[in-house]
Amino acid sequence: MDGVAETARSSYNTAVRAKMGFGRKFTSGIVPPSEKREPTWWFAFQGNKLLVHQGSPSVTIPCLVDFAELGVMALSRHYLGLLDQTPCYAVELAEGTPPPAGMSFEGLRQVFGRLDEDLFWVATRAVQIVDWGRTHLFCGQCGTPLRTKTTERAKECPICGQLHFPRLAPAIIVLVERGRELLLARSRHFLPGMYSVLAGFVEPGESLEEAVVREVNHS
Ligand SMILES: [Zn+2]
């Protein structure tokens, strides 16, 4: 068990170092390069599953000038920015689209530690942008189809002007210790015998500390 925990800790530390800037640098961007001439990282999702080249144990993602080279039709694409100097795009694929030969769709948890850490962290952005694009098609205020803004990561209603940004949902996760005891909880949908540390979403106007207190009191 200690070996498993150590492996997980080591892989997590490596990922955090990459995210903190020890790896390649990711620069978020809205305006894509004017010409498609260089190899580009394509983070293509079907639902929340990433299209990867199969490998054992490691996997990678397509790095092509044009996503069309894969012969898979994209429902939408969103420019994400540059990983060092390489452009990155998030792509939405239709449900039921079969993966090209030698490729598969995998959840991000399944590729953690198997996909290059820098790419993994960009993938965590990409999946959220694709989800936002898919779930924010119409204005929540007046129902008009939204337009994607070209100057910031937002969608705008052409009728009422309402802006819609990618959704952020702050959450807390906390391990409460007393000596050698840990406070764990279980949810009704957990498998038998499964317990978890306490976690939950922060409510509007609540501080992170208040959210921790509320979750502990609920447990
Ligand atoms: Zn509107």
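The values are calculated or read from the model by the stated rules, or taken from the named source; none is laboratory data. On a predicted model such as this, the values are computed, not experimentally measured, just so you know. We place every Cβ from the backbone using ideal geometry, glycine too, and count neighbours over all the protein chains shown.
A few notes on this one:
- Matching entry among K49, K25 (being modelled with pLDDT under 95 and assigned by TED's automatic domain parsing to the domain that holds Q110): K25
- In segment 118-161, the residues that are hydrophobic (A, V, I, L, M, F, W, C) and free of Cβ contacts under 8 Å to residues at least 24 places away in the same chain: L137, F138, C142, L146, A154, C157, I159, C160
- V176 vs. criteria of a type in the set (A, V, I, L, M), away from the ligand (no atom under 16 Å from the Cβ) and within 14 Å of the chain's Cα centre (by Cα): no
- Residue, farthest from the ligand (Cβ to nearest atom), within segment 143-157, restricted to residues that are surrounded by 12 or more Cβ atoms within 10 Å (Cβ to Cβ) and not in a strand (DSSP E or B): R153
- Candidates E206, E215, E210, filtered to the one that is out of contact with any Cys (no Cβ under 8 Å at 6 or more places or on another chain), assigned to a helix (DSSP H, G or I) and either among the polar types (S, T, N, Q) or surrounded by 14 or more Cβ atoms within 10 Å (Cβ to Cβ) (or both): E215
- Being out of contact with any Cys (no Cβ under 6 Å at 6 or more places or on another chain) and modelled with pLDDT of 85 or more is a property that does not hold for A8.
- From the options V212, V130, residue that is within 29 Å of L82 (Cα to Cα) and either among the β-branched types (V, I, T) or within 16 Å of the ligand (Cβ to nearest atom) (or both): V130
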